[in-house]
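Beneath this line is the structure, given in C-alpha cells, with notes to follow.
The values are calculated or read from the model by the stated rules, or taken from the named source; none is laboratory data. Since the structure is predicted, the reported quantities are computational estimates derived from the model, not experimental observations. Cβ coordinates were reconstructed from backbone atoms using ideal geometry, including for glycine residues, and neighbour counts include every protein chain displayed. Keep in mind that these areas ignore ligands, DNA and RNA; they rest on the heavy atoms of the full protein, side chains included. Shrake-Rupley method; radii C 1.70, N 1.55, O 1.52, S 1.80 Å.
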Amino acid sequence: MRWWDIDPVLRLERELFPEDAWSRGMFWSELAHARGPGATRRYLVAERDGQVVGYAGLVTSGEQADVQTIAVARDHWGTGLGARLLTELLRAATAFECTEVLLECRVDNTRAQRLYERFGFEPIGFRRGYYQPGNVDALVMRLTDPANSVQGTETHG
C-alpha cells in the first residue's frame, strides 16, 4: 500500500466497517512505519481492473506480529482473495522473523474466523466490547510458526 491507495482503501473501509472504520490519519500513521530499514509494518492492496478490491496490514514487534486489518470487497467474497492477502501477511511475518501472529476478529464474523482457522489460527480469548461504538466483542486468535503455515498455503484456497 502506498499513499495514493489511501482514498480508495478508505472508501472500501467505510463500506465494509461503517461503525468502526479507520480514519485517514490511522492509515497514514501505519504507512509511516512501513518503509525503510526500521519498518515494522506491511500493508498491501489487491486491485482488479484498476479498482482496490482488498487490503491488509500487519504490525510487528520483536518476534510477534499482529494482523491489523484484512478487508475484501463484498463482490469478491468467496474468490480466495482473503486467503491470498492473509498468505502475504504471513510471508511478511516470516520475513520479519516473527514466531507468533495474533489477531482480533469480531465474534459475529464467522466467515473470517473460518478463514483464520484454515490457516491454523486458534482462539485464545476475548476482548469484551473491543469494537466500538457497537460494543462488539473480539475473538483473539493466535498462530504459532507462521513460516510453517505459509509453506502449506497451496492447501488453504
* Out of the residues in region 45-61 that are of a type in the set (Gly, Ala, Ser) and open to solvent by 60 Å² or more (accessible area, probe 1.4 Å), which is modelled with the lowest pLDDT? -> Gly50
* Asked: Somewhere in region 98-108, is a residue open to solvent by 70 Å² or more (accessible area, probe 1.4 Å), of a type outside the set (A, V, I, L, M) and over 12 Å from the mean Cα position of the chain (by Cα)?
  -> yes
* To do: Would you check which residues across region 113-132 are open to solvent by less than 80 Å² (accessible area, probe 1.4 Å) and in a helix (DSSP H, G or I) and list them?
  => Gln113, Leu115, Tyr116
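Please report, ordered by residue number, the strands (runs of 3 or more DSSP E) entirely within region 1-112 with at least 1 residues that are under 20 Å from Pro146 (Cα atoms) and touching a residue at least 60 places away in the same chain (Cβ under 8 Å).
On the way: elements: 41-48, 51-61, 64-72, 100-106.
Counting at least 1 such residues, we get 64-72.
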* Kindly list the number of the only condition in (1) at pLDDT below 95; (2) surrounded by fewer than 19 Cβ atoms within 10 Å (Cβ to Cβ); (3) more than 12 Å from Ile70 (Cβ to Cβ) that fails for Pro146. => (2)
* Structure fact -> The residue from Arg42, Arg35 that alone is open to solvent by 20 Å² or more (accessible area, probe 1.4 Å), at pLDDT below 95, more than 21 Å from Gln113 (Cβ to Cβ) and of a type in the set (D, E, K, R) is Arg35
